[in-house]
Amino acid sequence: MEREKLKGWLYLLPAILFLGIFMVYPLVDVFIYSFEEGYNSASQTSWGIGTYNYSYVLRDPYFLQALKNTFILVIITVPLSTCLALAIAVGLNSIKKLRDLYQTIYFLPYVTNTLAVGLVFMILFKQTPYSDGLVNVVLGWFGMTPVDFIGGPYWAKMFVLCFYTIWVVLPFKILILTSALASVNQDYYNAAKVDGTSKFRIFRKITLPMISPTVFYLIITGFIGAFKAYSDAVALFGTDLNASEMNTIVGYVYDMLYGNSGGYPSYASAAAIILFTIVLTITCINLLVSKKHVHY
Amino acid sequence: MEKYNDFEKIEKTAKVRKKVKNVIVYTLLSFWGLMVLFPFYWMILTSIKSYSAYNSEYIPKFFTLSPTLQNYVEAFTTVPLARYFTNTIIFTVVTTALMLLVTILAAFAFARLNFKGKNLAFTIFLSLMMIPNELVIITNYVTITNLDMRNTFAGLILPSVTSVFYIYLLKENFEQIPDQLYYAAKVDGTSDMKYLFKVLLPICKPTVITIAILKVIECWNSYVWPRLVTDDELYFLVSNGIQEIRENGFGRENIPAMMAAVVVISVPLIILFLIFRKKIMAGVSRGGTKG
Amino acid sequence: MKVVLQNLTKTFPSRNKKVKEEVVAVNNFDFEIPDGVLVGLLGPSGCGKSTTLNLLSGLQKPTSGKIFFGENDVTNLEAENRGVGLVFQNYALYPHLTVRQNIMFPLQNLKGTAKLSKEEMNVKVLEAAKLVQIDELMDRKPGELSGGQQQRVAIARALVKMPKILLLDEPLSNLDARLRLQTREEIRRIQKETKITTIFVTHDQEEAMSISDIIVVMKDGVVQQIGKPQEVYDNPVNLFVAKFLGTPPINVFDGKIKSGKLFVGEDAIMDIQADTDKEVYVGIRPEGFVLNENGALRCRLNTVEVMGRDISVVSYNDASATDNQAIRSIISSENTVNLAAEYVRFDVKPNKVFVFDKNTEERIYFEKE
């Protein structure tokens, strides 16, 4: 028995080592960092314990810009991508021919490198002295004046960021919703059909309640994911996000840690914990709301 | 007979409606399909346009009549694309292999072995699933820096190994295998290790392959961690490599060469996806998220 | 409303992709169902009875043939426009809606002139609920109901819009034995009260016989026999129907016709009007045996089971065509059987004896003596 017990822990040992060093310890440590004032990474000393790091971060205009950007991104992309994914999944579910092909195509962005494809988006949207860029050409067909979506006005940059974010997150959502739709018992639809229910009513009264747990799961993970947005922005606007006013909270954390403005793990930790608190709060609200609306 | 006509009319409108609905659905689906595919088309198209041709097109053309592979040559010669590529392959293979080993052992312990404190340990493992990477990455960065492991493969790989979710996924799968198999093996004098590798793993191969593929995708696309711990081009992966190319690579305007690099980076995963399409999609729908 | 099926055929592509053959689920079904009757579609699983039901509801479309509701050809009409009520085998109650909302659901679909006010809907819902006696459960969710209660809700939901036709798919198969008996009486009562033409599918012959006005026996997509339950039982057209109906099942023997006599094994059990001699199957209903010390049919006695009003004699005969060669005969308990005896002898009631062709298994009819 003693040997058996030891053996169990032996099998777990590698996992415990990795998780302990790179997850549990850092988790504790990040809280300590965030309260150590004036921490110097070179000498590894600090002058005290307190909430200065938090107040610094909360007053930092770069952080406030990042906060604003992140919130706009979340508010726009989460509902939009979920609705769009739902519409596409419903469409996919209603056809037989070519369904596999469409599904495969829609999934492609999931397996591509966000940074690499982001470059393509940048080229499509960017206006340079040599070319207006393809998107502007297309907009020109509808009589709109060209805009530099990458280096131009704030709304244009935000639009591209949202568009690209939706493009990136949609495959996952479509896939999950398609399989949720497919797993609804066909008998419910048949029963409604025999009773002469209209397509729209079937969707609203049967399909939607049936897949509501999945929809809420997607909304919750969507919020979490969108709050952590970073590499999409880097792909479009380059690594100096502060300069282009397009930084996100996660971007701020990394900038504080590393690079030209880096070397401040304390500020980074405080910002990361603020982010975590926001995400946790919103997730809890989401869970409460979903409890009310998911019926079974 | 009035009723008869009624039915006929209903039947006709129903048919027309169905056709109209089908046309609309297919149009919309195709539209989004186009939105998804177009960036891929554009990157391939741009990558085979010559530098001068690309720059002379104020209004970009949707095709090219004189395709060239010169950009690909450039991508491999002007910037160390081949080096980024090799680095990424090494990083991906080693990380995935280590992850599999750690995950399999831990999942086996949780699923099959009995020891004191197992339930507590498992609860702690599960709660770790909720910890966002962004929180722990700060200390990891400091740790790796202090250990002098910046710009090493060890520094890249070690913090990327663990995935609590995959341990959970595999444990669930292991538990589905009936106990009798384990006892039968025990009676035959098989050691636990042998049972794990000769019986359990072959049976659970589909799940193992799934998590391996998901990890490969995650590794291939990982950007944040490599960017933090490497500033020496010798250790760049494709993600921060491409970012480097963009900012300091071919001179800012050589977009065709940049696109060639993008194509080269994207192709391996797309091929992997097309081969393991069903497995990847099933794996992702079981709870994967974008890495 | 009467329902007419005209040469109704439904084929599916074979599941096995290597075999190009099609599976014929329903083959040339021809039948006119009179208004207001209860029809039982009966057969073993895979006989096409459920497919027939789906064709009637419009959930599936026939490969060929036509369906009429009254005078109207509804063959190509979608399910939503047919106005039938359908009760599913697993009830298909919407789990997120209460009983009241479930029953009201079909009413809320009505459009145009048929549209009802809230009050009218409530009245109708309550009426339907009362009919199936669930008016006290209206605000529960399906998950909080027993199987029998769910079944009633499903029937109420199908009835609330007063369908032209009510279809029930294996309505009793998910209920336990006691509830099954009770519910089948209930279905009968509801059908009598509403006078809606009702078609139900079952694999349980007892269920079908007990409540149907007409039963349709199917096998491999082909209708074997249509008629009143008693008629079909008393006069099966082939061996399959004879075997499928009746508990305990009919006893089947290898027999022959020889010079005007019907033989079971070497025992001549009755005289028969036949010109040609040939090998046949002989089917004798359990109640077709009469105990007689000098009876024509001699069997080895095994046991006697007492069932109160009747006794069941289990014996063996070498000529029996059933697997274990056991013969079950039901006789009045006023008879006594000597359990010590090695053999038991029977006479047979001629109207309980059916003769079937050995190859086609079709019934051979005779002028009885």
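The values are calculated or read from the model by the stated rules, or taken from the named source; none is laboratory data. Predicted, not measured: the structure shown is a model, and the values here were computed from it. So basically every Cβ, Gly included, is an ideal-geometry build from the backbone, and we count neighbours across all protein chains shown.
Residue A:161 meets each of the listed conditions (1) more than 10 Å from every other protein chain (Cβ to nearest Cβ); (2) among the aliphatic types (A, V, I, L, M); (3) not in a helix (DSSP H, G or I) apart from (3). Per the listing A:118, A:133, the residue uniquely modelled with pLDDT under 95, more than 7 Å from chain B (Cβ to nearest Cβ) and within 22 Å of the chain's Cα centre (by Cα) is A:118.
The residues on offer are A:168, A:147, and the sole one that is surrounded by 18 or more Cβ atoms within 10 Å (Cβ to Cβ) and either assigned to a loop (DSSP other than H, G, I, E, B) or of a type in the set (Gly, Ala, Ser) (or both) is A:147. Checked against (1) farther than 17 Å from residue C:263 by Cβ; (2) of a type outside the set (Asp, Glu); (3) in contact (Cβ under 8 Å) with a residue 60 or more places away in the chain, residue C:316 passes all but condition (3). The number of residues in the range A:56-67 being loosely packed, with under 15 Cβ neighbours inside 10 Å and farther than 21 Å from residue A:33 by Cβ comes to 2.
In the range A:68-81, the residue that is surrounded by the most Cβ atoms within 10 Å (Cβ to Cβ) out of those that are within 14 Å of residue A:167 (Cβ to Cβ) and β-branched (Val, Ile, Thr) is A:77.
Exactly one condition in (1) over 28 Å from residue B:285 (Cα atoms); (2) facing another protein chain (nearest Cβ under 7 Å) is not met by residue A:141; state its number. For residue A:141, the failing item is (2).
Within the range A:256-279, the residues that satisfy the criterion of being within 9 Å of chain B (Cβ to nearest Cβ) and within 21 Å of residue A:75 (Cβ to Cβ) are A:275, A:276, A:279.
List pairs: first in the range A:4-18 and more than 7 Å from chain B (Cβ to nearest Cβ), second buried (at least 16 other Cβ atoms within 10 Å of the Cβ), Cβ under 7 Å, 6+ apart or cross-chain? Filtered contacts from the range A:4-18: no entries.
When residues in the range B:57-90 are screened for being out of contact with any Cys (no Cβ under 8 Å at 6 or more places or on another chain) and in a helix (DSSP H, G or I), 17 of them pass. Restricting attention to the range B:141-164, report how many residues are under 19 Å from residue B:102 (Cβ atoms), buried (at least 19 other Cβ atoms within 10 Å of the Cβ) and aliphatic (A, V, I, L, M). So the answer is 6. Do we have residue A:106 as farther than 20 Å from residue A:244 by Cα, facing another protein chain (nearest Cβ under 10 Å), of a type outside the set (A, V, I, L, M, F, W, C) and in contact (Cβ under 8 Å) with a residue 24 or more places away in the chain here? It is true that residue A:106 is farther than 20 Å from residue A:244 by Cα, facing another protein chain (nearest Cβ under 10 Å), of a type outside the set (A, V, I, L, M, F, W, C) and in contact (Cβ under 8 Å) with a residue 24 or more places away in the chain. Taking helices (runs of 4 or more DSSP H) as the structural unit, those lying wholly within the range B:167-233 and holding at least 3 residues that are more than 28 Å from the chain's Cα centre (by Cα) and not small (Gly, Ala, Ser) correspond to B:179-187. A residue that is out of contact with any helix residue (DSSP H, G or I) (no Cβ under 7 Å at 6 or more places or on another chain) and closer than 21 Å to residue C:363 by Cβ occurs somewhere in the range C:209-219.
Of the strands (runs of 3 or more DSSP E) contained entirely in the range C:37-90, those carrying at least 2 residues that are within 17 Å of the chain's Cα centre (by Cα) and either under 25 Å from residue C:149 (Cα atoms) or modelled with pLDDT of 90 or more (or both) fall at C:38-42. Does the range C:308-329 include one or more residues that are among the small types (Gly, Ala, Ser), in a loop (DSSP other than H, G, I, E, B) and under 22 Å from residue C:270 (Cα atoms)? There is at least one residue in the range C:308-329 that is among the small types (Gly, Ala, Ser), in a loop (DSSP other than H, G, I, E, B) and under 22 Å from residue C:270 (Cα atoms).
Please specify each residue of the range B:112-128 satisfying the condition of being surrounded by 14 or more Cβ atoms within 10 Å (Cβ to Cβ) and within 7 Å of chain A (Cβ to nearest Cβ). If the condition is that a residue be surrounded by 14 or more Cβ atoms within 10 Å (Cβ to Cβ) and within 7 Å of chain A (Cβ to nearest Cβ), then B:113, B:115, B:118, B:121, B:128 are the ones that fit. For the range A:223-255, the set of residues classified as more than 9 Å from chain B (Cβ to nearest Cβ) and of a type in the set (Val, Ile, Thr) consists of A:248 only. The set of residues from the range B:58-68 being surrounded by 15 or more Cβ atoms within 10 Å (Cβ to Cβ) and either aliphatic (A, V, I, L, M) or facing chain A (nearest Cβ under 7 Å) (or both) comprises just one member, B:60.
Per the listing C:113, C:63, the residue uniquely more than 8 Å from chain A (Cβ to nearest Cβ), free of Cβ contacts under 8 Å to residues at least 60 places away in the same chain, surrounded by fewer than 20 Cβ atoms within 10 Å (Cβ to Cβ) and touching a Lys or Arg at 6+ places or on another chain (Cβ under 7 Å) is C:63.
Is it the case that residue A:184 is hydrophobic (A, V, I, L, M, F, W, C) and not in a loop (DSSP other than H, G, I, E, B)? No. Exactly one residue out of B:167, B:138, B:131 is surrounded by fewer than 19 Cβ atoms within 10 Å (Cβ to Cβ), under 29 Å from residue A:25 (Cβ atoms), within 8 Å of another protein chain (Cβ to nearest Cβ) and β-branched (Val, Ile, Thr), and it is B:131. Listed conditions (1) farther than 15 Å from residue C:355 by Cα; (2) in contact (Cβ under 8 Å) with a residue 60 or more places away in the chain; (3) among the acidic types (Asp, Glu) are all met by residue C:293, apart from (2). Only one of the listed residues (A:137, A:168) is of a type in the set (Val, Ile, Thr) and within 24 Å of residue A:102 (Cβ to Cβ). That residue is A:168.
Matching residues to (1) more than 23 Å from the chain's Cα centre (by Cα); (2) touching a residue at least 12 places away in the same chain (Cβ under 8 Å):
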| residue | (1), (2) |
| --- | --- |
| B:90 | no, yes |
| B:100 | no, yes |
| B:111 | yes, yes |
| B:118 | yes, no |
| B:122 | yes, yes |
| B:142 | yes, no |
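The set of residues from the range A:269-279 being touching a residue at least 40 places away in the same chain (Cβ under 8 Å) and either of a type in the set (A, V, I, L, M, F, W, C) or on the phi > 0 side of the Ramachandran plot (or both) comprises A:270, A:271, A:272, A:273, A:274, A:275, A:278, A:279. Please work out if residue B:151 is touching a residue at least 40 places away in the same chain (Cβ under 8 Å) and more than 8 Å from chain A (Cβ to nearest Cβ). Judged against the criteria, residue B:151 is a match. What residue, of A:239, A:248, A:197, is of a type in the set (S, T, N, Q) and farther than 20 Å from residue B:138 by Cβ? Going through A:239, A:248, A:197 in turn, the sole match is A:197. Taken together, A:131, A:179 contain a single residue that is in a helix (DSSP H, G or I) and in the same structural domain as residue A:95 (by TED's automatic domain parsing), which is A:179.
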